[in-house]
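> The structure under discussion is supplied below as structure tokens; questions concerning it will follow.
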Amino acid sequence: MSAGYEAVDGALPGRTTPAVNARVGDGVLSAVGATPLVRLTRLFGDSRVRFHAKLESLNPGGSMKDRSAMGMVLGAIERGELIPNQSTVVESSSGNLGIGLAQVCRWFGLRFICVADPKMTAQNLAILAAYGAELDIVREPDNEMGDFLSARIRRVRELVHDIPHAFWPDQYANPLNARAQETIMQEVVRQLDGNVDYLFVATGTCGTIHGCARFVADHGLGTHIVAVDAEGSAIFGEPSCSRLIPGHGAAIRSELYYDGIAHSVARMTDQDCVVGCRRLVGVEAILGGGSSGAVVSAVAQRLAEIPAGANCVLLLPDRGERYLDTIYSDLWVEEKFGDIAHLWKEQTAC
């Protein structure tokens, strides 16, 4: 049972309420981390594997990137590179890290400029604006496949050069990104009493998988780490190609990558993301983002390889409200993929 919670007599099975001595946090950032781990009892039918979902969507900014944002900003403040109420943070983001940084910067009174591109969803743009972030939109992609990442990074460098007291967290190279994500694995290990046989984790900046892999290695754990990458991502050496759904995969290999960062790799298509998300909400009532759907589909793909009795953890990075116009829109799905509803409906029927 989670620390700080206790069962209440007469409560429904599995329900808990806050214990009377639960600590009251100091501000919204105190709510980052310590996310729940829940059993998934319906998603994979009669499988004898024990499946668990780490619900990173319950961070206050809505994703696991809250951990990275807070870790990188706090580190810069401690080093004197950022001064609250004076400095400017500039970062490239397609969504979740930008939102996490917008939240942290608002708390510390830091100006935040998010360098984005036209692929960013309307929901994410609105959330950033609500936090008071300034948006700098890069309009020209790097190549014929419509990739904007290198162009966004060039724009970040220009802004940092031109703006006094500007700081670039550089999520693709900052070790504090990975260090902040170690806490996920630390929590999972504690929540499962050290028995973590498989970990499925989406990859992008490689901050999460780097942090989890380092924790596994440093503590001599036998956890098999599966990197869930996107088809067309360059992280594990494939030629880059156009992708529809943001959140995992990358057009460049992050400096946080290293050989052996994962024991195996599962590459998922945009359609896999859609089907996984629709299965997850249809069976487990969890409204996950695109990379969560990729993780679900990766587990389904590897299901026959996982031995009975194993503890298998799915890291679900973010929430699905930011994909209502895409993944959860029947019209959008049919336009992009055709009539594929049977791929999840036949698996979610009671």
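The values are calculated or read from the model by the stated rules, or taken from the named source; none is laboratory data. What you see is a predicted model, and the numbers here were worked out from it, not measured in a lab. Note that each Cβ is placed from the backbone with ideal geometry, even for glycine, and that neighbours are counted across all protein chains shown. The protein model used for the area step is the full one, side chains on, heavy atoms only, and it has no ligands, DNA or RNA in it. Shrake-Rupley method; radii C 1.70, N 1.55, O 1.52, S 1.80 Å.
> Among the residues of segment 302-309, are any open to solvent by less than 10 Å² (accessible area, probe 1.4 Å) and either closer than 24 Å to M120 by Cβ or at pLDDT 95 or above (or both)?
no
> Ok, one more. Out of I340, I327, report the one residue that is under 19 Å from the mean Cα position of the chain (by Cα), assigned to a loop (DSSP other than H, G, I, E, B) and farther than 20 Å from T41 by Cβ.
Of the residues listed, the single one that is under 19 Å from the mean Cα position of the chain (by Cα), assigned to a loop (DSSP other than H, G, I, E, B) and farther than 20 Å from T41 by Cβ is I327.
> Might you let me know whether segment 277-286 holds any residue that is in contact with an Asp or Glu (Cβ under 7 Å, 6 or more places away or on another chain), crowded, with 22+ Cβ neighbours inside 10 Å, under 22 Å from Y198 (Cα atoms) and modelled with pLDDT of 95 or more?
No: segment 277-286 contains no residue that is in contact with an Asp or Glu (Cβ under 7 Å, 6 or more places away or on another chain), crowded, with 22+ Cβ neighbours inside 10 Å, under 22 Å from Y198 (Cα atoms) and modelled with pLDDT of 95 or more.
> Show the residue pairs meeting these rules: Cβ distance below 8 Å; 6+ apart or different chains; first residue within segment 310-324 and more than 13 Å from K54 (Cα to Cα); second residue among the basic types (K, R) and surrounded by fewer than 24 Cβ atoms within 10 Å (Cβ to Cβ).
A310/R50
> State whether one or more residues within segment 182-190 are among the polar types (S, T, N, Q), open to solvent by 20 Å² or more (accessible area, probe 1.4 Å), over 22 Å from A308 (Cα atoms) and touching a Lys or Arg at 6+ places or on another chain (Cβ under 9 Å).
Among the residues of segment 182-190, at least one is among the polar types (S, T, N, Q), open to solvent by 20 Å² or more (accessible area, probe 1.4 Å), over 22 Å from A308 (Cα atoms) and touching a Lys or Arg at 6+ places or on another chain (Cβ under 9 Å), which makes the answer yes.
> Quick one: in segment 312-322, which of the residues that are open to solvent by less than 10 Å² (accessible area, probe 1.4 Å) and over 9 Å from the mean Cα position of the chain (by Cα) is farthest from N59 (Cα to Cα)?
C312
> Can I ask one more? Please determine, by comparing only the residues of segment 77-122 that are of a type in the set (A, V, I, L, M) and over 30 Å from R243 (Cα atoms), which one is farthest from the chain's Cα centre (by Cα).
That would be I83.
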